[in-house]
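J.: So that we are looking at the same thing, I have put the structure below in C-alpha cells.
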Amino acid sequence: MKAAITEWQNRVAPVFDVAGTVLLIETDAEELQESISLPSGNPRNKIAFLKEQEVDVLICGAITRRMREYAEELGIRINPFVSGEIDEVWDAWRNGTLDQACYSMPGCRRCRRRKGQCS
Amino acid sequence: MSTDSPATTQAILESISDGVFTVDDDWRITSFNRAAEIITGVPREEAMGQPCSEVFRSSMCEGACALRKTLETGQSMIAHPCFLVNAEGERIPASVSTAVLKDENGKVIGGVETFRDLSELETLRKQISGRYTLGDLVSHSRAMQPVFEMTSSVANSDITALIHGDTGTGKELLARAIHGMSSRAGKPFVAINCAALPDTLLESELFGYKKGAFTGAVQDREGRFAQAKNGTIFLDEIGEISPAVQVRLLRVLQERTYEPLGSNETRRSEARIIAATHRDLAALVESGEFREDLFYRINVIRIDLPPLRDRKEDLPLLVNHFIERFNRIHNKAIEGLSIGANSLLMAHNWPGNVRELENMIERAFVLCNGTKIEIRHLPQELQGSAPVTAASSVPDIGTARRSAEAQAIFQTLEKNNFNRLATAKELGIHKTTLYRKIKALGLTLPK
C-alpha cells in the first residue's frame, strides 16, 4: 500500500489544493521516502497525479470538498484537515492514532473526535 | 471609556464584518476576532497560539503569503485576492490586506491581517454580468443555468447521460465538457453520429469486426467502443438507430459486453456512454420505434439544451466568442458588428442555433475587410430579401417579417440620425409604437 502526505516546511501542507510537494511512502517501509513535486494549477491534476503514482491513502491539510470527493471517486482514501510535524503525523497514522485531536487542524477537532473525519 | 482604550478597540474589532487576526514573530495567532471565527469556521480558543497557515488555510499561505511579504518589506498589502478553505471544506473567495504590527515604542511585534468574505459579492457578480463557460460553451443566460449546474454533477459520476437539444445547440460540446470535467478527462473521447451511417456500417463502426466478417473486411478492425477504452463514447442522434443496433447497444449498457462482427470473442467495454438526440425519445417509444428498455437505460439523467431563440441575451457573448476565435484563425482584427448587423442578428429566429451563428460569423469574416461586420456581410436571408431558391433556404414567415421590419426601422433611424420622432413620422407609426417595436426586435441603438 502506498500513502502520500502533502508537505510544507516539514509540516503537513495547510491547503491540499495549492500544495507543491508530496511525500510518497510505501506503508511497510520503516522510514519516510520520496519527496516529489505535485503538478501546479488545477488541483484535479494533483489528484490524478497521485492516482498515477498508485497512492491508496492521502494525508493532507485542508482540502475543498469537491477535490476530496474527486479523490474518493478515484479510490484514494483521504485523511483531511490533518496538522502537525511530518514525522509525528506519519507515526500517528501507522499507530492508528491520527484521529487524536492534536493532529487535527483548528476548527476540525470536535468533528474528528466524533467521526474520525471533518464535515 | 475613552475612545482609544484597548476595550474600545476590542469592541470595534468584534463588531466589524471583516475578519482580523494578528500573529507574533513565530507566525502564531495572537488575536482573532468574531468575524474571523465566522468566515474560517474556527473558534477563537482553537485558533489562538496556532500557526496562522493552519487556521487561515488560504491559497496564498504556502507560496505567496501576503503577511510574510509585508513583514519582510514593511509594505502593507491591500485587497489581495485569494481563497480560503473553511472547516467544512468550502472554498471561500476572499480579499486580504496586511500591515506590520508595532508596539507603543515602534518595535515590530508581528503582523496583522484583515480579510473579507467575497462569497456574496462573487455570486452577485455572476448574477449581474457573469460569463459562464463550460468547455467551449459560453452563456450568461438564465435558460442555460440548469445546464451548467447539472453538468458538474453529471461529470462527477459515471452514469449514462442523455443530452436533448435541437440541431446546432452544442450537444457534442456539452458532452466534451462533461468528459473534460470527469475523472476520465485524460482518456479518449470518441464521438459518432449514428444518423450519418447506414445500419450495417454503424454496427461495424461501433463494435469493430474480424477479418472475413463480410466482403471487404480484409483485416481486423477495432470499433469505437474499443477506441474509447475507459474514456467516454458519445452517441449522437441515438434516436435514429435501427432496432437491431438498439438490441446490441442495450446489451453493452446492461452487461458492458459486446462481440465484434464475425467474432465469438466477448469484449468488455469500460467506456462511459453519453447519448444525444434532437428527437422526443419518449414519443418514439410510444410509437414503437425505440425500445423502452433502452430508453430507460439511456435516460438516467437528461440535460436539455435550450435553443438559441430562447437565450438571445447570449448573442453578444457568443458573437464576441466567435469573433475572438476567428480573428485568431484567420489572422484578422475584426472588432465586432455594426449596430445594424447586430440588430438583424437579434431579430433572427436562429433555427440552426449556435452552429448557424458560428457559420454566419465565419462567412462574414471571409467577406469583411474592415474592422466591423456590416449588414452587407450577412447572408441574404437575414437581410430579408433572400432570393428563394430551395426549400431549405426559406425562413419561416415570422422570421422573415421580423427581419424585414428590423431592417426597415433601422435604416429609417439611420437616415434620421437616430431621431425617434422623425423616424416614427417617416414610417407612419406612432412614437410609442416605434419604441415598442425597437424593444421587441431587440434593436440596439447608439446612446
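The values are calculated or read from the model by the stated rules, or taken from the named source; none is laboratory data. Computed from a predicted structure; not experimentally measured. Note that each Cβ is placed from the backbone with ideal geometry, even for glycine, and that neighbours are counted across all protein chains shown. We work out accessible area using only protein heavy atoms, side chains counted, and drop any ligands, DNA or RNA first. Shrake-Rupley method; radii C 1.70, N 1.55, O 1.52, S 1.80 Å.
J.: Hey, can you tell me all the residues within segment B:138-152 that are under 12 Å from B:HIS179 (Cα atoms) and surrounded by fewer than 19 Cβ atoms within 10 Å (Cβ to Cβ)?
T.: The answer is B:SER152, and nothing else.
J.: Among the residues that make up segment B:262-280, is at least one of them in contact with a Phe, Trp or Tyr (Cβ under 7 Å, 6 or more places away or on another chain) and open to solvent by 10 Å² or more (accessible area, probe 1.4 Å)?
T.: Checking segment B:262-280: at least one residue is in contact with a Phe, Trp or Tyr (Cβ under 7 Å, 6 or more places away or on another chain) and open to solvent by 10 Å² or more (accessible area, probe 1.4 Å).
J.: Among the residues of segment B:260-272, are any closer than 22 Å to B:LYS171 by Cα and among the β-branched types (Val, Ile, Thr)?
T.: Checked segment B:260-272: no residue is closer than 22 Å to B:LYS171 by Cα and among the β-branched types (Val, Ile, Thr).
J.: Does B:GLU54 fit the bill of being modelled with pLDDT of 90 or more and under 30 Å from A:MET67 (Cα atoms)?
T.: So B:GLU54 fits the description; yes.
J.: May I ask you to list pairs of residues, at least six apart or on different chains, whose Cβ atoms are under 7 Å apart, with the first in segment A:88-101 being surrounded by 13 or more Cβ atoms within 10 Å (Cβ to Cβ) and the second being assigned to a helix (DSSP H, G or I) and hydroxyl-bearing (Ser, Thr, Tyr)?
T.: Note: pairs meeting the criteria are A:VAL89/A:TYR103; A:ALA92/A:TYR103.
J.: Looking at (1) in a helix (DSSP H, G or I); (2) over 26 Å from B:GLU292 (Cβ atoms); (3) open to solvent by less than 50 Å² (accessible area, probe 1.4 Å), which one does B:LEU206 not meet, given that it meets all the others?
T.: The single condition B:LEU206 does not satisfy is (2).
J.: Return the pairs, sorted by first residue and then second, in which the second residue is of a type in the set (Asp, Glu) and surrounded by 14 or more Cβ atoms within 10 Å (Cβ to Cβ), the first residue lies in segment B:352-375 and is outside the structural domain of B:GLY168 (by TED's automatic domain parsing), the beta carbons are less than 9 Å apart, and the residues are 6+ apart or on different chains.
T.: Hits for this filter: B:GLY352/B:ASP166; B:ASN353/B:ASP166; B:VAL354/B:ASP314; B:ALA364/B:GLU374; B:CYS368/B:GLU374.
J.: Next question, about the same structure. Of the numbered conditions (1) open to solvent by 40 Å² or more (accessible area, probe 1.4 Å); (2) at positive phi, B:ARG57 satisfies every one except a single condition; which is it?
T.: Condition (1) is where B:ARG57 drops out.
J.: Let me ask you something else. Quickly run through segment B:25-57 and pick out the residues that are among the polar types (S, T, N, Q) and touching a residue at least 40 places away in the same chain (Cβ under 8 Å).
T.: If the condition is that a residue be among the polar types (S, T, N, Q) and touching a residue at least 40 places away in the same chain (Cβ under 8 Å), then B:THR30, B:THR40 are the ones that fit.
J.: Among the residues of segment B:64-77, is there at least one that is open to solvent by less than 60 Å² (accessible area, probe 1.4 Å), at the interface with another protein chain (Cβ under 8 Å from one of its Cβ atoms) and in contact with a helix residue (DSSP H, G or I) (Cβ under 8 Å, 6 or more places away or on another chain)?
T.: No, the conditions are met nowhere in segment B:64-77.
J.: Moving on to the next point. Can you tell me which condition B:SER242 does not meet? The list is (1) open to solvent by 70 Å² or more (accessible area, probe 1.4 Å); (2) more than 30 Å from the chain's Cα centre (by Cα), and all the others hold.
T.: (1)
J.: Consider B:PHE189 carefully, then state whether it is closer than 30 Å to A:ILE47 by Cβ and open to solvent by 30 Å² or more (accessible area, probe 1.4 Å).
T.: Against the criterion (closer than 30 Å to A:ILE47 by Cβ and open to solvent by 30 Å² or more (accessible area, probe 1.4 Å)), B:PHE189 qualifies.
J.: One residue is enough: does segment B:323-335 have a residue meeting the conditions in contact with a Cys (Cβ under 7 Å, 6 or more places away or on another chain) and more than 26 Å from B:ALA177 (Cβ to Cβ)?
T.: Checked against the condition, which is being in contact with a Cys (Cβ under 7 Å, 6 or more places away or on another chain) and more than 26 Å from B:ALA177 (Cβ to Cβ), segment B:323-335 yields at least one hit.
J.: Inside segment A:1-111, counting only strands (runs of 3 or more DSSP E) that do not spill past its ends, which hold 1 or more residues that are at the interface with chain B (Cβ under 8 Å from one of its Cβ atoms)? Spell out the reasoning first.
T.: Details: elements: A:2-8, A:21-26, A:35-37, A:57-59, A:77-79.
Result: A:2-8.
J.: Counting only residues that are open to solvent by 30 Å² or more (accessible area, probe 1.4 Å) and either outside the structural domain of B:ASP117 (by TED's automatic domain parsing) or of a type outside the set (A, V, I, L, M) (or both), how many does segment B:78-92 have?
T.: So the answer is 5.
J.: Report every pair of residues separated by at least 6 positions or lying on different chains whose Cβ atoms are under 6 Å apart, first residue within segment A:49-61 and free of Cβ contacts under 8 Å to residues at least 40 places away in the same chain, second surrounded by fewer than 22 Cβ atoms within 10 Å (Cβ to Cβ).
T.: Cβ pairs passing all conditions: A:PHE49/A:PRO39; A:LYS51/A:LEU74.
J.: Could you pull out the residue among B:GLU324, B:GLU286 that is over 21 Å from B:MET150 (Cβ atoms), open to solvent by 40 Å² or more (accessible area, probe 1.4 Å), outside the structural domain of B:GLU255 (by TED's automatic domain parsing) and free of Cβ contacts under 8 Å to residues at least 24 places away in the same chain?
T.: It is B:GLU324.
J.: Looking only at residues that are over 18 Å from B:SER153 (Cβ atoms) and buried (at least 18 other Cβ atoms within 10 Å of the Cβ) in segment B:294-311, which one is farthest from the chain's Cα centre (by Cα)?
T.: Selected residue: B:LEU294.
A quick yes/no check of all residues on (1) open to solvent by less than 40 Å² (accessible area, probe 1.4 Å); (2) of a type in the set (Lys, Arg):
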site	(1), (2)
B:LEU173	no, no
B:MET181	no, no
B:ARG221	no, yes
B:ASP236	yes, no
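J.: Right, here's the next one. Would you be able to say whether some residue in segment B:299-317 is without any contact (Cβ under 8 Å) to a residue 12 or more places away in the chain and either in the same structural domain as B:PHE207 (by TED's automatic domain parsing) or of a type in the set (A, V, I, L, M, F, W, C) (or both)?
T.: Scanning segment B:299-317, I find no residue that is without any contact (Cβ under 8 Å) to a residue 12 or more places away in the chain and either in the same structural domain as B:PHE207 (by TED's automatic domain parsing) or of a type in the set (A, V, I, L, M, F, W, C) (or both), so the answer is no.
J.: Another question about this same structure. May I ask you to list pairs of residues, at least six apart or on different chains, whose Cβ atoms are under 9 Å apart, with the first in segment B:9-20 being more than 17 Å from B:ILE78 (Cα to Cα) and the second being open to solvent by 60 Å² or more (accessible area, probe 1.4 Å)?
T.: Close Cβ pairs satisfying both conditions: B:ALA11/B:MET1; B:LEU13/B:ARG34; B:GLU14/B:ARG34; B:SER15/B:ARG34; B:ILE16/B:ARG34.
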